[in-house]
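Note sheet for the following structure.
The values are calculated or read from the model by the stated rules, or taken from the named source; none is laboratory data. As the structure is a computational prediction, the values presented were derived from the model and not from experiment. Methodologically, a virtual Cβ is constructed for each residue, glycine included, from the backbone with ideal geometry; neighbour enumeration extends over all protein chains shown.
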Amino acid sequence: MQKLRGERCADRRQSRQQWGDGYALEHDGRCALTGALSILELSTFAALLLASPPKPERADDRIVGVRFANTVPLREQGHLRESLAAMLPETCEPPPCMEDCGEDAPTLGVEIAGDSRDYVLQWNAWDPRLDSPLRLESSCELCSLIELEDQLATDLDALCTRLDALDMAPGRVHVSSEPSGARLRIDGDTRGRTPWIGELPAGDHMLEVNTRGRASQARTVWVVGGVEEHEHFELLATRRRPEWPGWLSMGLGVAMSLAGSTLIALHDKDWSGRCSGADVDANGSCRFVYATRPLGIGLTAAGAGAMATGIGLMVWAQHDSADRASLGLSWKGRF
């Protein structure tokens, strides 16, 4: 288009000769306007190029799988792929992904460059718990294919050791509850009251939360090294156990025990009001005496049983029902 416009404007002298100066002037004006428009188009295009933001790079520069430079012989490429595939499950547990990997799957990749004697290895390992991939570069100079396999095994062991360290690192756990201030036990040990924030070793842990007047909850949580977990418990209200049955039983028990003791004490005592005259023998013994020991023993035993029952009922009432009622177990974790 620009070339065509230039050719048309270049022929203005011929137009002046053929059609006169009037037409030539009009033609010169059109050519000037055409040139101005061309400059404007170029300026606009350049401005758009400068204003357009550069294409963003990938969020990560992970290398997945095995890549070879063109200088590595094909026969060596196949052998090295097979060797690495055999090493991976024996060195890393679990082995990271090297092909057809999900977005959040741990990945491993290596680029092998060089020729049949000198090699350069660039490793790249990524895990969701990492902010950036782990990188490792090594070289193998004047080495055979077996020596290169040994270098692959050494590098792979170093990377897997660093990935395993992520599992051994503690995780941070934040435990909250509604209402707050509930008692918290972790793996059977008392840790204080909610809200609670602390570090726990990687792995599964049992969290138990309870408070007076609420149903307790227990939950198993899987802690991942270097990852923060937030566990929230909604403690539901429970009906309060009545205390009056315990007090009543204890009162009856005390009364029966006192009555029984009194009857035992009266046993074989003279019956006052009936021990006179012919009712008293020569030795002064009254014919009418109290025979209350069996009844006294029975009342005393019954009173003791009633008091024990009352104490049990009081303990049962004071013992929060939340300590025996649980809403069940649940398993929660991040994989």
*Got a number for residues in region 175-203 being loosely packed, with under 14 Cβ neighbours inside 10 Å, within 30 Å of Asp127 (Cα to Cα) and of a type in the set (S, T, N, Q)?*
0
_Please verify whether Arg135 is in a loop (DSSP other than H, G, I, E, B), assigned by TED's automatic domain parsing to the domain that holds Leu156 and either among the charged types (D, E, K, R) or modelled with pLDDT under 90 (or both), treating the condition exactly as stated._
no
*asked:* Can you find, within region 120-132, the residue that is nearest to Glu103 (Cα to Cα) among those that are touching a strand residue (DSSP E or B) at 6+ places or on another chain (Cβ under 6 Å) and either at pLDDT 90 or above or not in a strand (DSSP E or B) (or both)?
replied: Trp123
*asked:* What's the total number of residues in region 204-231 that are surrounded by 13 or more Cβ atoms within 10 Å (Cβ to Cβ), in a strand (DSSP E or B) and not charged (D, E, K, R)?
replied: 12
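So that you can scan it fast, the table gives a plain yes or no per residue for (1) of a type outside the set (Ser, Thr, Tyr); (2) farther than 28 Å from Ala291 by Cα:
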position	(1), (2)
Gln217	yes, yes
Val221	yes, yes
Gly226	yes, yes
Thr238	no, yes
Glu243	yes, yes
Trp247	yes, yes
Leu252	yes, no
Leu258	yes, no
Leu263	yes, no
*If you check every pair at least six apart or on different chains, which have Cβ atoms under 6 Å apart with a residue in region 92-120 that is touching a residue at least 24 places away in the same chain (Cβ under 8 Å) first and a residue that is of a type in the set (Gly, Ala, Ser) and assigned to a loop (DSSP other than H, G, I, E, B) second?*
Cys97/Ala105; Ala113/Ala69
_Residues that are touching a strand residue (DSSP E or B) at 6+ places or on another chain (Cβ under 9 Å), part of a loop (DSSP other than H, G, I, E, B) and surrounded by fewer than 18 Cβ atoms within 10 Å (Cβ to Cβ), drawn from region 232-270_ = Leu236, Thr238, His267, Asp268, Lys269
*Mind counting the residues in region 288-335 that are at pLDDT 65 or above and in a loop (DSSP other than H, G, I, E, B)?*
5
*Which condition does Arg75 not pass, out of (1) closer than 24 Å to Gly225 by Cβ; (2) without any contact (Cβ under 8 Å) to a residue 60 or more places away in the chain, if it passes all the others?*
(1)
_I'm told Thr161 meets every condition in (1) within 20 Å of Glu228 (Cβ to Cβ); (2) assigned by TED's automatic domain parsing to the domain that holds Arg129; (3) surrounded by fewer than 18 Cβ atoms within 10 Å (Cβ to Cβ) except one. Can you identify the failing condition by its number?_
(1)
_Condition first: aliphatic (A, V, I, L, M), touching an Asp or Glu at 6+ places or on another chain (Cβ under 9 Å), closer than 26 Å to Arg75 by Cβ and not in a helix (DSSP H, G or I). Can you find one or more residues in region 90-111 that meet it?_
yes
*asked:* Here is a list: Glu99, Glu141. Which entry is loosely packed, with under 14 Cβ neighbours inside 10 Å, charged (D, E, K, R) and in contact with a Gly (Cβ under 8 Å, 6 or more places away or on another chain)?
replied: Glu99
